[in-house]
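Quick notes on the structure that follows.
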Amino acid sequence: MNKPLTMRQVIFMYLFLSLSPILRQIPSALANEGGRSGYLSPVWSLIALLPLTAIVIFLIRLYPGLNIYEIMDNLVGKVFAKCIIFLYLLWVILYLASKMNAFALTLQFTLMPKTRSDFFMTIMLVLVYYALLKGSKTIFRFSELALGPVMVLIGILFVCALGILRTDYLLPVSTFNLPSTIKASKNVVAVGGNIIIVLFFADKFAISISKKNMRKFWFGAILFVGLSFVITIFTFGITGPSLAANLPFPFYITVKSISFFNIFERFEVLVTMICILSDFIGISIMFSIMTKCIQWLFGITDRGFLFIPLAIIIFYLTYFVSTTQFEYRFLYKNIILNLNLIFQYIIPFLLGLMCLLKRKHIKKQY
């Protein structure tokens, strides 16, 4: 487990943790804000996501073997770097609380409506604690092994759903709604921006990174947009945009209408399991980033003793920030979404701009 991370593992982790918001949140948000043509919004998201991918690649190549804190330390100095890391820490804590709530609400909406959310959160935190004890490499490896079967399952769902897809829910494209679809694309952009998580683990890569490995970043970003586009089309084409706009998990309802050659049904249980696994990866990775931020802020070498106190904080903070589906949607739409855009796009863009201005000086160091 001490071997360097591979680009394959990092990109698979990025795609895997993005699955739950793609299945659970993006179709509903696009239907609500973009109308019946909202399925075009993932296409517009490329305008923001591809430049962000280029910035991540630029930073990794310009500072080989350094993580985001070390990059900022070189660019703006230790004091400013710690201030920015502190802000990232606050963002991660709030993000984790909302993620925990989304996980619990998903299980209550789908499989276990009468079970209290604290039971789900306790189980998840125990699993995350065990995963963190094994090390972040184990989490990346799990993503690498599990993403393939999950993608095969999603492919089977799409094949089985082709026969019940209603094109009248999708066509004709309303030109009147095109500006709304562009605006709604921020919901896709805010999830796709998770690719900056790579920078927090960039010191785990091998120092020499080939162009072939860098192309995997582009593949991951484009595949994320493709998944968002296809899943939204099937959600709109089967459930309808009007109903999808008012459901907390419209893809789950969509899959209830699908059967495998009229033999196997209950695919929606498997979709819930995909979301659970994706949430597990997302929460584990963000917990790891949270402890990394604390390490960088206070110069701590061993972070194992932080896991239980931080888990307790996140557990109770989840109740404080939101408890119901209505509160969660308000929190995500008005706070989490905008914070994601700041920490996933604006700050990396500023770092990339500073690196561009100091590129000649930086290259002399490496």
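Details
- Residues that are over 30 Å from I346 (Cβ atoms) and of a type in the set (V, I, T), drawn from region 166-191: T167, V173, T175
- Cross-chain or 6+ apart pairs with Cβ under 6 Å, region 248-264 first and of a type in the set (K, R), then modelled with pLDDT of 60 or more and not in a loop (DSSP other than H, G, I, E, B): K256/E268
- Selected residue [touching a residue at least 24 places away in the same chain (Cβ under 8 Å) and buried (at least 19 other Cβ atoms within 10 Å of the Cβ)] from S228, S242: S228
- Restricting I312, I347, I308, I289 to residues that are more than 24 Å from G77 (Cβ to Cβ), touching a residue at least 24 places away in the same chain (Cβ under 8 Å), out of contact with any His (no Cβ under 9 Å at 6 or more places or on another chain) and of a type in the set (V, I, T) narrows the list to I308.
- Every residue from region 245-261 that is over 17 Å from F158 (Cβ atoms) and either at pLDDT 85 or above or over 20 Å from the mean Cα position of the chain (by Cα) (or both): A245, N246, L247
- From G135, G155, G192, residue being in contact (Cβ under 8 Å) with a residue 60 or more places away in the chain and out of contact with any helix residue (DSSP H, G or I) (no Cβ under 8 Å at 6 or more places or on another chain): G135
- Qualifying residue in region 198-208 (condition: among the basic types (K, R), part of a helix (DSSP H, G or I) and more than 27 Å from L30 (Cβ to Cβ)): yes
- Evaluation of L223 against (1) in a loop (DSSP other than H, G, I, E, B); (2) modelled with pLDDT of 90 or more (one fails), failing number: (1)
- Flag if Y95 is out of contact with any Cys (no Cβ under 6 Å at 6 or more places or on another chain), farther than 30 Å from T272 by Cα, in contact (Cβ under 8 Å) with a residue 40 or more places away in the chain and not hydrophobic (A, V, I, L, M, F, W, C): no
- Scanning region 19-52 for residues that are more than 22 Å from P241 (Cβ to Cβ) and crowded, with 22+ Cβ neighbours inside 10 Å yields a single hit, L49.
- Put simply, of D168, D118 the only residue that is under 25 Å from the mean Cα position of the chain (by Cα) and among the charged types (D, E, K, R) is D118.
- Taken as a whole, the structure places F140 among residues that are crowded, with 20+ Cβ neighbours inside 10 Å, modelled with pLDDT under 90 and more than 18 Å from I60 (Cα to Cα).
- Among the candidates R36, R8, residue that is at pLDDT below 90, within 17 Å of I281 (Cα to Cα) and basic (K, R): R8
The values are calculated or read from the model by the stated rules, or taken from the named source; none is laboratory data. As the structure is a prediction and not an experimental result, all values here were calculated from the model. Counting neighbours? That spans all protein chains shown, and the Cβs are built from the backbone with ideal geometry, glycine included.
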